[in-house]
Every structure is written in structure tokens, then in C-alpha cells.
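Have a look at the structure below before the remarks.
The values are calculated or read from the model by the stated rules, or taken from the named source; none is laboratory data. Keep in mind it's a predicted model, so treat the numbers as computed, not measured. Every residue, glycine as well, gets a Cβ built from its backbone with ideal geometry; the counts of neighbours run over all protein chains shown.
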Amino acid sequence: MRLAARETLIGFRRAPMLSALSITTIAFSLFAFGLFSLVALNLRSALQQVESRVEIRGFLIEDASPEAIANAMEIIGTYPEVARVEYVSPEQALERARTELQEFRDVFEAGFLPASLDIRLRDGHRDPATVESVAEKVKEFDFVNDVRFGAEWVAKLYTIRNVATAAGIILGLAFAAVAVIIISATIRMAVMARAREISIMRLVGATDAFIRRPFLIEGFIKGIAGGALALLLTWVASRVISQYFIQTEYFDLRLASLGLLGGAIIGVVGSAVSVGRQVRKVS
Amino acid sequence: MIRFANVYKEYPRTGAALNDVSFAVGKGEFVFLTGPSGAGKSSILKLIYMDELPTRGDVWVSGTRSRGVKRREISMLRRRLGVVFQDFRLLEDRTVEANVAFALEVIDVPPDKIRGKVSRLLTQVGLASKATNYPRELSGGEQQRVAIARALANDPFVLVADEPTGNLDDRATRGVFQLLRDINAGGTAVIMATHNLDLVKRSDCRVLEINRGQVVFDSAEEKRRMPEITP
């Protein structure tokens, strides 16, 4: 293993440009993937925040009887998706409107807003389909005049997030394939640069696996380096966006480690694809 | 120990290199392979260390048969034989001792054993004082001694030498040849391809002469036949 590590270092020293080329391609492939992942990640956390605020508000007709309302609240409360049902009287609605919309506080008058049932959903039940199905059920009560929920824009956010994730995966895979191809091409040159060592290794009885080992280690190190560079680039991009456009969230430790692992996989696969064939060419 | 049985070797571009070659080399023998350039000497040596395999026929080297041999078996075989070339094949960016140690490192000999072994080998080939020199700082004869030390690193049962004195002057040639004789005296068989007929004539070693891919003279056969001829 010591020898393999030393041979790896020699490989880097002999062909610094090739190593830099491999590392850069891995970095760019992961950077492309990383940028889209960042978009998906930020949309996801935005969605989570929005979702936690998702409420279904059923407006009630003026002469709804208190018993009917209490009865309906009990029924709605038993739905598995529902976390809480709250009755908001016209006075409370007015108060809330005045607090939330300070600049219009003088416009609102008593009796201006109807009473409502505010329904909050449980975690994991706030996707557009569930929201809509609960809203439909609430609408069926005769004294419910109208039901409001942010269905459209929740659905839109979901679509954007899915598109960003898919685009990230497709672009990332395309770049990863390019990185694998470039790395396997650079292996050919790396093998040629070390042809003498390889032929001597063969002569004294080194196995093929032993000869391949330094190249695989080299691929692994290049992959990790490429992954780290991609993380750095993504971090810079996220800082720039945060500073000039909109506050963004960066990968946590787990996602960052996944990025490094992705780099390592690209590096090792790229090397493994061609090293066996190339090493056999050296007599 | 080494046996060629009706061996043919053909190359796609240059055609037949060996034509029905049969001979055997016993334990501890010293054998010269002679013959003009292109006669097939190098092909025979490559077949011994299984860098190449016969087109037809069989080569046995210490129990390993060429037919159906696996790459791993070839690696294991090479750990038991040593090879030296006319052009030394040293690693120019490593010291003499690193060159010799390399042969031991690649077969996973523990590092603490390597140091002692390398120093013994360099003493054996008379280069103990040049351990930290680089190959380019040595004469041709000295470089060949390094290559021989490397070939001896895994205590081979046979040393295969392809024109080891081809690039050396007379004095260095004599020195390297004497070293090979000493190694042979220690029990290691030596098979040496050479153009140097003086060297061959001055010694009493077995000679296999190759011409146009065939064994045209084997001094061992000749010796066996002599009693029949002389009444």
C-alpha cells in the first residue's frame, strides 16, 4: 500500500496538467449538479416554510347556527390530515386583518369580514392534492360559503422544485459521463508516462491488480479533489446569490459529504473503465 | 526445470520466429544462447519468462506450463526468476538502492526485510558504495550490475539474460560475465543470449546455437554423442 501511495504521488508529479484537467472536469460536472441541487434544496426549504403556513379557510354564511358549526368542527377534527380546526368570529377576523394589514386598518369595519373555520393540516399532509381534497370535504357543509387555500401557487412551487431536481440530475449525469470519459482518456496518457515502471513491475512479478492500484487511488484522490472544488464553487455561487439576490441555504454536512463521495465515484469509475486495458498494452 | 517441446512461434507481421524448437535446461546449468541477430534468441527468452506464449508446442518452466497459463500464474512464475536486458531497464529517477528495492516492494515484501536484502544484494554485485547514486551517475557495467542485483532480489532459480554485455566494453563485459558465473556457482541457473563468441569460446559452458528459428547446435547433445563416435 505504501508503494501504491508513492506511485500515486509520482503520477501526480509527472503529469500535473493531466491531473488538473481531470480534477477540473469532475469539479465542473459536480458544480452543475450542485447548482441545481442548491436550487432544489432552497425551494424545498421555502416550500416547507410555506407548507407550514398552509391553511384552509372555510368562510361561513352569516346565519350559521353555533351547534352546526360546533358539529362540523368536531367532524373536520376527526379527519386524519387535520391538525387543528379553529372558529374565527367576524370580530376576530377584523382584529387579525387590522394587525396583519396595518396600513389598511382604517378601511376595515365591523361586520365587513365573515366568520370562518381555519383548518391547519398535519406535517406531511400539506401537498396540493391533500389540501384540495380536504377543502372539497369542507365545502360540502351547507353553511360553508366559500373555501380558500393557496392551491395554485403551492402546486407551482412543487413543479419548480421537481423540474430543478430533474434538471440537476440530468445535467449532473451528463457532466459525470463526460468526466468519466475524460478521466479514462487521461489514464491512457498516465499509463504511457509510467510505462517503464509498469514493464519492470511486470517483469518482477507484480500482479495486474497491484499495477492498477495506484491508478485507482489516483482516480479516487482526483475525484475527492474535484468534489471539494465543486463544493467551493457552489459555495461561492450561493454567497453571491445571497448577497445580491435572495438569501439562500447551503448544503449541510451530509449533502456536502455526498458531493465528495460523488466525486470519488466518478474518479474511480473513470480510472477503472480504462486502466485494465491500457496497462495490458504495456509489455 | 525448463523444457521446450516442439515449440513454434509466429508473429502476425514478421512470420515464423521459432520452428520446432525442443531442448531442456537442468537445475543450476549455465547455458549460452548464440546465433545471428533475428535468429530467435530473444523469442526463446521471452517464452521462458512467458512474456510471450508459443503458437504451437509447449514450454514448461518450473512446473508452469505455457498452454492455458493464467496471467496470475505468470506473475507468480516471474517472482521465481530474474531477467536482465542489454539496456538495463533501470528507473532513472530513483537511486540504485531504490531500483533494487522496487522489485521487492511490488511483491509485497515487508519494508523491514527490504533494507537488509538490498544491502546484501548490492554487496554481492560490488556496488555497496554506490547505493545512493542515480543510474546516470554509473558506468554501463555498473548499471548492468544494478539490473542483476534487482533480478536476484527474489532469489530466482534461473537468471535469464538477454545480451547483458551487449552495451559494455571488454573490461565491463568480463566483470559482468564473472558476476554471472559467481551467481551460477551459487546454484542459480543462467541462460544468457549473446553475440560475444569470445566469451563463449573462453568458457566451458553449454552452448545452444540458434539459427533461423531452430536449434542448430547443442553442445550438451554433442558431448553425449562423443562417446559413440570415439571408439
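Out of (1) more than 19 Å from the chain's Cα centre (by Cα); (2) among the hydrophobic types (A, V, I, L, M, F, W, C); (3) under 22 Å from A:GLU7 (Cα atoms), the odd one out for B:VAL69 is which?
(3)
Please specify each residue of segment A:197-212 satisfying the condition of being more than 7 Å from every other protein chain (Cβ to nearest Cβ) and without any contact (Cβ under 8 Å) to a residue 40 or more places away in the chain.
A:ALA209
Looking only at segment B:62-87, which residues are away from chain A (no Cβ under 13 Å) and not polar (S, T, N, Q)?
B:GLY63, B:ARG65, B:ARG67, B:GLY68, B:VAL69
Exactly one condition in (1) in contact with a Leu (Cβ under 8 Å, 6 or more places away or on another chain); (2) crowded, with 17+ Cβ neighbours inside 10 Å; (3) over 30 Å from B:LEU152 (Cα atoms) is not met by A:ALA237; state its number.
(2)
Being closer than 18 Å to A:VAL204 by Cα, among the polar types (S, T, N, Q) and away from chain A (no Cβ under 14 Å), is that true of even one residue in segment B:124-134?
No, segment B:124-134 has no match at all.
Here is a list: A:LEU38, A:LEU43, A:LEU9. Which entry is in the same structural domain as A:GLY226 (by TED's automatic domain parsing) and closer than 30 Å to A:PHE215 by Cβ?
None of the other options fit; the residue is A:LEU9.
A:ALA110 - would you say it is of a type in the set (A, V, I, L, M) and modelled with pLDDT of 80 or more?
no
What is the number of the single condition among (1) in contact with a Leu (Cβ under 9 Å, 6 or more places away or on another chain); (2) in contact (Cβ under 8 Å) with a residue 40 or more places away in the chain; (3) buried (at least 19 other Cβ atoms within 10 Å of the Cβ) that B:ARG206 does not meet?
Here B:ARG206 meets the rest and fails (1).
Name the residues in segment B:88-114 that are more than 13 Å from chain A (Cβ to nearest Cβ), in contact (Cβ under 8 Å) with a residue 12 or more places away in the chain and assigned to a helix (DSSP H, G or I), would you?
B:VAL96, B:GLU97
Please indicate, with yes or no, whether at least one residue in segment A:190-207 is in the same structural domain as A:LEU43 (by TED's automatic domain parsing) and over 30 Å from B:GLU73 (Cβ atoms).
No, because not a single residue in segment A:190-207 is in the same structural domain as A:LEU43 (by TED's automatic domain parsing) and over 30 Å from B:GLU73 (Cβ atoms).
Just to check your reading of the model, which residue among A:VAL134, A:VAL138 is touching a strand residue (DSSP E or B) at 6+ places or on another chain (Cβ under 8 Å), modelled with pLDDT of 85 or more and over 18 Å from A:ILE61 (Cβ atoms)?
Of the residues listed, the single one that is touching a strand residue (DSSP E or B) at 6+ places or on another chain (Cβ under 8 Å), modelled with pLDDT of 85 or more and over 18 Å from A:ILE61 (Cβ atoms) is A:VAL134.
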